[in-house]
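The values are calculated or read from the model by the stated rules, or taken from the named source; none is laboratory data. Keep in mind the model is a prediction, meaning the values are calculated, not measured. Heads up, the Cβs are rebuilt from the backbone with ideal geometry, glycines too, and the neighbour counts pull from every protein chain shown. We work out accessible area using only protein heavy atoms, side chains counted, and drop any ligands, DNA or RNA first. Shrake-Rupley method; radii C 1.70, N 1.55, O 1.52, S 1.80 Å.
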Amino acid sequence: PAPAADETIETRGIEPVPDHERGGRVRELFPTWVAANISVLLLTMGAGLVVFNGLNFWQVLLAAAVAGSVSFGLVGLLSVSGKWGGAPGAMLSRATFGVRGNYFPGMILWVARFGWETINAVTGSYAVLTILDLLFGVQSNNALIVVTLLAFVGVTFLVSGMGRKVLNLCNTWSTYLFGLFTVLVLVYLVTTIDWDEVFSRPAGGTAMLIAGIGTIAAGGISWIPTGPDFARYLPHSAQGRKIFGTTVSGALLVLVPMVLMGGVMSFSTPALAKTNDPVSFLGDALPMWLAVPYLLIALIGMVLINSLSMYSAGFTAQTMGVKLPRASAVSINAVISLVGGLLLMLVAKSFYGSFISFLSLLAVSFSSWVGVYGVDMLRRRKMAVPYDADGLMDTSRTSRYWYVGGFCWQAMTAWGIALVLGLGFTKVDWFTGPLVDTWIGENGLGWAATALLSALLFAALPAPRERA
């Protein structure tokens, strides 16, 4: 039986939402994308722009604004496909790559989700440890790390498993609470920071500014395939420009102040950009009366970020052939993020280095998908039925999206070539691509080159022909 539209715990999986259940409103997207950016990692990234990239106040502001507008602009644009097809992005991708071809980019996107959830779980656990230290003087140890990480992942699994309605409710309240305490932190910084020192810092080089934009944009790019997941309950009458505007404004409302706050804090606490524990510095940078409630609200935000990611990961798992309900499929990501989090907290030498390396690879892997998917969307925008629900659910030879042997060779070719080339422009702690000494590589624009190349290649190849 079809899931009821008004169920508190969502039971719908990857199957497209029928028109009579499309009761969502565009404004519901606003708290979703606010919550997706409630992360103290943005403070760390803002500090990195100052400490490692050598940028000044105005350049940090510019980097955050441009990166957020570009990355979440793409999130908003591609979210429109969720309204068209009523299905998650991982499911709609079958129409682009073929019902079998979609396994290949889908697997990479799924693995990337594991990494993102692991990073968030580690950050949330550090927040718990910092609160325990500030309030009760409890010092971190391996046993406590295991317990806090297990608790964080468990709560995340619970919230993400309950589904869309619970996520929307949590996102709305966290938006209000985090907004209030962010204003308090901003007021505190305005009254205590040595602004002469902040504004006297010379500007950094253009190359480092461009690289900084790429670093901040990578986080937003990771949400692009997820955008349709939160727009699939919108009616067909929902305006695309409102979806775009709501997405971008929700993200920028948090992203820009957070990055800027991190940059300003780094003038007095440069260790913010280098610490293995990306959260504990708040105990030193802020008074306890402000640090503790701010961390508590940020902790809620990090639970929601991970819940949003795991929510989408459940769909990805189902499109990869996992024969479990969406809520149960999420458990796979929960277990992997728990194991990965333990390795990162107990074994890794540099959290920031691992985080930036992961973001760089994430941006390239997602960008190759974005270019192909975006061109496919442009081709579908004038179709009477952009996505066929039966064709998306049918993975046999009779599917409308079977193409050739289940593969859309044009999409697969463009995606594969762009992905390999993008990795060639990439330099991280784990490997160095052969093209990093080019202008694109030196400026950290491998992700942009990847998206552009995949789009151009796919557009240049003969248009795929769907079955009638």
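Yes/no matrix, rows are residues, columns are (1) of a type outside the set (S, T, N, Q); (2) crowded, with 23+ Cβ neighbours inside 10 Å; (3) closer than 20 Å to S222 by Cβ:
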| position | (1), (2), (3) |
| --- | --- |
| S337 | no, yes, yes |
| G341 | yes, yes, yes |
| L346 | yes, no, no |
| S360 | no, yes, yes |
| R381 | yes, no, no |
| A384 | yes, no, no |
| T398 | no, no, no |
| G406 | yes, no, no |
Is it the case that V322 is part of a loop (DSSP other than H, G, I, E, B), modelled with pLDDT under 85, surrounded by 15 or more Cβ atoms within 10 Å (Cβ to Cβ) and not basic (K, R)?
-> yes
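Could you grab me the full set of residues in segment 97-110 that are over 13 Å from the mean Cα position of the chain (by Cα) and modelled with pLDDT under 85?
Residues of segment 97-110 over 13 Å from the mean Cα position of the chain (by Cα): 97-108.
Answer for segment 97-110, where residues must be over 13 Å from the mean Cα position of the chain (by Cα) and modelled with pLDDT under 85: there is none.
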Qualifying residue in segment 229-251 (condition: over 30 Å from V385 (Cβ atoms) and under 23 Å from the mean Cα position of the chain (by Cα)) | yes
Residues that are open to solvent by 80 Å² or more (accessible area, probe 1.4 Å) and either of a type in the set (S, T, N, Q) or touching a residue at least 12 places away in the same chain (Cβ under 8 Å) (or both), drawn from segment 181-196 | T191, D194
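Please pick out the residue among S140, S160 that is modelled with pLDDT of 80 or more and open to solvent by less than 20 Å² (accessible area, probe 1.4 Å). Spell out the reasoning first.
On the way: S140 fails: open to solvent by less than 20 Å² (accessible area, probe 1.4 Å).
Of S140, S160, the one residue that is modelled with pLDDT of 80 or more and open to solvent by less than 20 Å² (accessible area, probe 1.4 Å) is S160.
Could you list, in sequence order, the residues of segment 39-62 that are closer than 14 Å to M261 by Cβ and hydrophobic (A, V, I, L, M, F, W, C)?
Here is the first cut: in segment 39-62, the ones closer than 14 Å to M261 by Cβ are 39-50, 57, 60-61.
Those that are closer than 14 Å to M261 by Cβ and hydrophobic (A, V, I, L, M, F, W, C): V40, L41, L42, L43, M45, A47, L49, V50, F57, V60, L61.
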Name the helices (runs of 4 or more DSSP H) wholly inside segment 187-232 in which the number of residues that are touching a Leu at 6+ places or on another chain (Cβ under 8 Å) and of a type in the set (A, V, I, L, M) is 3 or more.
-> 206-221
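Can you tell me how many residues in segment 419-447 are in a helix (DSSP H, G or I) and out of contact with any helix residue (DSSP H, G or I) (no Cβ under 7 Å at 6 or more places or on another chain)? Please lay out each step first, then the result.
Taking segment 419-447 and keeping what is in a helix (DSSP H, G or I), we get 419-424, 439-442, 446-447.
From what is left, the residues that are out of contact with any helix residue (DSSP H, G or I) (no Cβ under 7 Å at 6 or more places or on another chain) are 420, 424, 439, 441.
Total meeting the criteria: 4.
Out of everything in segment 11-39 that is assigned to a loop (DSSP other than H, G, I, E, B) and of a type in the set (S, T, N, Q), what residue ends up being most open to solvent (accessible area, probe 1.4 Å)?
Going through segment 11-39, the residues assigned to a loop (DSSP other than H, G, I, E, B) turn out to be 11-18, 22-25, 36-39.
Imposing the further condition that a residue be of a type in the set (S, T, N, Q) reduces the set to 11, 37, 39.
Details: T11: 81, N37: 10, S39: 11 Å².
Here the residue is T11.
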If you go through segment 40-60, how many residues are open to solvent by less than 10 Å² (accessible area, probe 1.4 Å) and either in a loop (DSSP other than H, G, I, E, B) or of a type outside the set (A, V, I, L, M) (or both)?
-> 5
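Which residue, of Y387, Y403, is among the aromatic types (F, W, Y) and at positive phi?
Details: Y387 fails: at positive phi.
Y403 is the lone residue from the list that is among the aromatic types (F, W, Y) and at positive phi.
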Identify, by number, the condition in (1) of a type in the set (S, T, Y); (2) open to solvent by 50 Å² or more (accessible area, probe 1.4 Å); (3) modelled with pLDDT of 95 or more that S81 doesn't meet.
-> (2)
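Of everything in segment 456-468, what is surrounded by 19 or more Cβ atoms within 10 Å (Cβ to Cβ) and of a type outside the set (A, V, I, L, M)? Give them in sequence order. Before you say what the answer is, go through the steps one by one.
Quick first cut of segment 456-468, residues surrounded by 19 or more Cβ atoms within 10 Å (Cβ to Cβ) only: 457-458, 464.
Result: F458, P464.
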Just wondering, is there one or more residues in segment 218-237 that are among the small types (G, A, S), loosely packed, with under 14 Cβ neighbours inside 10 Å and over 19 Å from G48 (Cα atoms)?
-> yes
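Return a yes/no flag: does segment 105-119 have any residue that is over 23 Å from G341 (Cα atoms) and in contact with a helix residue (DSSP H, G or I) (Cβ under 6 Å, 6 or more places away or on another chain). It would help to see each step written out before you state the result.
Step one: filter segment 105-119 for residues over 23 Å from G341 (Cα atoms), giving 105.
Checking the rest, the ones that are also in contact with a helix residue (DSSP H, G or I) (Cβ under 6 Å, 6 or more places away or on another chain) come to 105.
Yes, segment 105-119 contains at least one residue that is over 23 Å from G341 (Cα atoms) and in contact with a helix residue (DSSP H, G or I) (Cβ under 6 Å, 6 or more places away or on another chain).
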Of (1) without any contact (Cβ under 8 Å) to a residue 40 or more places away in the chain; (2) more than 22 Å from V264 (Cα to Cα); (3) in a helix (DSSP H, G or I), C170 fails just (1)
Looking at (1) at pLDDT below 80; (2) under 16 Å from M162 (Cβ atoms); (3) of a type outside the set (D, E); (4) open to solvent by less than 10 Å² (accessible area, probe 1.4 Å), which is the one condition that is false for S307?
-> (1)
If we keep just the residues of segment 411-431 that are at pLDDT 90 or above and surrounded by fewer than 17 Cβ atoms within 10 Å (Cβ to Cβ), which is nearest to A463 (Cα to Cα)?
-> T413
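Condition check: over 27 Å from V335 (Cβ atoms), among the small types (G, A, S) and modelled with pLDDT under 95. Does G48 satisfy that? Even if it seems obvious, please write down each step before you answer.
Details: over 27 Å from V335 (Cβ atoms): yes; among the small types (G, A, S): yes; modelled with pLDDT under 95: yes.
When the stated conditions are applied, G48 passes them.
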Hey, can you tell me all the residues within segment 437-455 that are surrounded by fewer than 17 Cβ atoms within 10 Å (Cβ to Cβ) and over 20 Å from P225 (Cβ atoms)?
-> D437, T438, W439, E442
